[in-house]
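Participant: Here it is: the structure, laid out below.
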Amino acid sequence: MKLTTILWSLLVMTSLLISACYYDVEEELYPSGTCDTANMSFSQDVMPIFNQNCNICHSASAAQGNVILDTYDAVLPYVNNGKLLGSIRHQGGFSAMPQGQPQLSTCTIDKIAAWITDGAMNN
């Protein structure tokens, strides 16, 4: 095999490796174009988000920062005082959550916001 052919193959493979992207956010990897925020339910939509993203630090057993988000009654005060949305939206004056991690996806935040806008029902 010629040296130029080998070099050309190496160049192509290297450029493919360098240009490869890594995605760990499902919405970026498989964009659907829409985010369904209709009829958000605390038990079916919001609580699973908290369990996946928040409750490792903010459950009754961990309670970091004295914040607990593992039941409806525990979440409601943070909804009512605006701290929940302020924190997950990384707004000024609030502790950005999840702490030391990237902001939750826009769709995830929109689901929580829609649930709040619809009355933050215990459903």
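Participant: Quick one: which helices (runs of 4 or more DSSP H) sit completely within segment 65-123 and have at least 3 residues that are surrounded by fewer than 16 Cβ atoms within 10 Å (Cβ to Cβ) and either at pLDDT below 95 or more than 15 Å from the chain's Cα centre (by Cα) (or both)?
Facilitator: 72-80
Participant: Return the residue satisfying two criteria in turn: it lies in segment 24-56 and is over 11 Å from the mean Cα position of the chain (by Cα) and hydrophobic (A, V, I, L, M, F, W, C), and of such residues it is modelled with the lowest pLDDT.
Facilitator: Only one residue fits best here, namely LEU29.
The values are calculated or read from the model by the stated rules, or taken from the named source; none is laboratory data. All values reported here derive from a predicted model rather than from experimental measurement. Note that each Cβ is placed from the backbone with ideal geometry, even for glycine, and that neighbours are counted across all protein chains shown.
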